[in-house]
Amino acid sequence: MPRLCSRSWSQDPLRCRGVKLLFDQNLSPTLAVVLRTVYPGSAHLHELMLGAAGDKKVWSFAKDNQFVIVSKDADFYELSLIHGAPPKIIWIRLGNCRTEKILQAVRQHTDALQNFNKDPRTDAFFIS
C-alpha cells in the first residue's frame, strides 16, 4: 500500500492532519466515518444537523470550521468561482457509482489532496 501522507504531517503515515472533509448530503455518510482514519475531524452534513441546510449555510459553516467541502454536484464549485476559498472544494465527478468507488478514489488522491489543501492558489480539486 502506498504512503498516503508524509510523516511530517503525522506520526501515522495513513493520517492527513489539516484536511477535514465535509461531505455533502448527496454523498453517503459512510464516507465520513470510514475516511476519518485518514482525514481526522471529517464529517457528513447529516451528522452536523445540516442535512437540510442550503448551500450558502453549508459554505459558511465549512469556512468557519476549516472544512474542505466534498460534493457530487456543481453548486459548491460555482460558489467557489464567485467567492474563492476558503472553503476549498472537492468535486466528485464519477457519475452514478457505488460508495466504495468514491472511497477508493478519495484514498487514491490523498497525497494530491494534501498538496491541494496547502496550496493557496487552488480553490477546487476534481476527482473524475
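Quick note: the coordinates plus some simple rules give every number you see, no bench work behind them. Not measured: the values here are computed from a predicted model. All Cβ positions, even for glycine, are placed from backbone atoms using ideal geometry, and neighbour counts span all protein chains on display.
Sorting Asp24, Asp123, Asp111 on the 10 Å Cβ count, fewest up front, what's the list?
Working: Asp24 23, Asp123 18, Asp111 14.
Lowest to highest Cβ neighbour count: Asp111, Asp123, Asp24.
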> So, in nm, how far is label Glu78 from label Thr37 when the simple model puts each one 7 Å beyond its Cα toward the Cβ?
Replying inline: 3.7 nm
> To the nearest Å, what is the center-to-center distance of segment 24-48 and segment 54-78, using C-alpha atoms only?
Replying inline: 14 Å
> Which residues' amide hydrogens lie under 5 Å from the amide hydrogen of Val70, considering only partners 5 or more residues apart or on another chain, with H built in the peptide plane?
Replying inline: Leu22, Phe23, Asp24, Ile90
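Using the crude model of +1 on Lys and Arg Cβ and -1 on Asp and Glu Cβ, and no other charge, please compute the dipole size for segment 21-127 relative to its Cα centre, in debye to 20. Can you show the working numbers first?
Working: 12 positive and 11 negative charges, 36 e Å.
For segment 21-127, the charge dipole is close to 180 debye.
Taking only the alpha-carbon atoms of the chain, what semi-axes of the equivalent ellipsoid follow from 5 times the gyration tensor eigenvalues under a square root, in whole Å, largest first? List each step's numbers first, then the result.
On the way: eigenvalues 89, 54, 41 Å².
Value: 21, 16, 14 Å, ordered largest first.
Which FRET efficiency value, to the nearest 0.05, is calculated for Lys63 and Ser128 with the Förster distance at 25 angstrom and r the Cβ-Cβ distance? Walk me through the numbers on the way to the answer.
On the way: r = 25 Å, r/R0 = 1.00.
Once the sixth-power term is evaluated, E becomes 0.50.
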>> If packing is taken as the average count of other Cβ atoms within 10 Å, what order do 81-90, 97-106 fall into, highest mean first?
In response: 81-90, 97-106
